[in-house]
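Just below is one structure, and these are the notes that go with it.
Nothing in this text is a laboratory measurement; each read-out follows from the coordinates by a stated rule. Because the structure is predicted, anything quoted here is derived from the model rather than measured. Don't worry about glycine lacking a Cβ; one is built from the backbone with ideal geometry, like all the others, and counts go over all protein chains shown.
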Amino acid sequence: MAKRRSRWGRRILAILLTVVLLAGAAEVALRLVIPGVVGGIVREQLRLTDDHPVEVTLGGSALLNALRGGIGDATIDIPNAPLVEGIPVDAEAYADFSPWSPGSGEIRGGRASLTVPREQLGAVIGLLTSGVAQTGEVRGGELAVGRTVEAFGQSVPITARIGIAVTGGDVEIDPRGVSAAGLDLSAEQISQATGSLLDPILEPQTVCVRDRIPAGITLTGIVLSSTGSVRIEADLAPEILSDPAQLEPGSCG
């Protein structure tokens, strides 16, 4: 009887070891396969070339998430992605959980960010301000934007220092100082000299941008880095990939 129990014990142990080994192999296989599959989908959706780098990092257990029907704790990094009118930015997306077919399900805990490198900041600011500002850089936790205008009978470079933040999905602009050709002037003096051209960057205001981005994206923050880059952060609606309406521009009404 003791020998029989011993044989059964060895068999059970062998079965358990086999299950553990198979689970480990499945985990390794999933971690090898999933990044390539996700990277291919991302490149196709963003119309990137096949050799464009897309890094997919998986946290937690890929096997357990697969048994739940999807991919969990996944981060996608895309450097130099031409997402803003062809201007290269660094993109990152994260989801606590995404179904195998996100086009027919909901993602959980989705968020994304775009990092505008210092050398591309001027072009992005020019685009977002419709040409009102021609240059831009980060200075001491503030955003310095400027342009050259005809004033005082000559071409004068004007720079406005502004604080910028996100509240309720809207962008809050807080002008903190203006200089023209190195002289500190009031916003009123600048406005009188240039007309109303620069008023959008000289006056405190709340700017709604929901009509310029997909409805399924909500801005949550703008981070000015000491490296000179700017990171724009956003939350993603659970149905952003399954409901076409979430990819249409939102509204400010």
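Numbers for the structure displayed
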item: For the range 228-243, Karplus couplings with θ = phi - 60° (6.51, -1.76, 1.60), whole Hz, Gly/Pro x; result: x, 8, 10, 10, 9, 10, 8, 9, 10, 5, x, 9, 4, 9, 9, 10
item: Value of D in µm² per second that Stokes-Einstein yields for the range 198-253, Kirkwood Rh from Cα pairs, at 37 °C (0.692 mPa s); result: 250 µm²/s
item: Peptides ranked, highest mean first, by Cβ atoms within 10 Å: ranges 109-118, 47-56; result: 109-118, 47-56
item: Computed label-point distance, nm, for sites Ala66 and Thr148 using a 7 Å Cα→Cβ extension; result: 6.0 nm
item: Cys252-Ile164 FRET efficiency (beta carbon distance; Förster radius 25 Å; 0.05 resolution); result: 0.85
item: Estimated vicinal HN-Hα couplings, Hz - the range 109-120 in sequence order (Karplus 6.51, -1.76, 1.60; Gly, Pro = x); result: x, x, 8, 8, 8, 10, 10, 8, x, 3, 6, 9
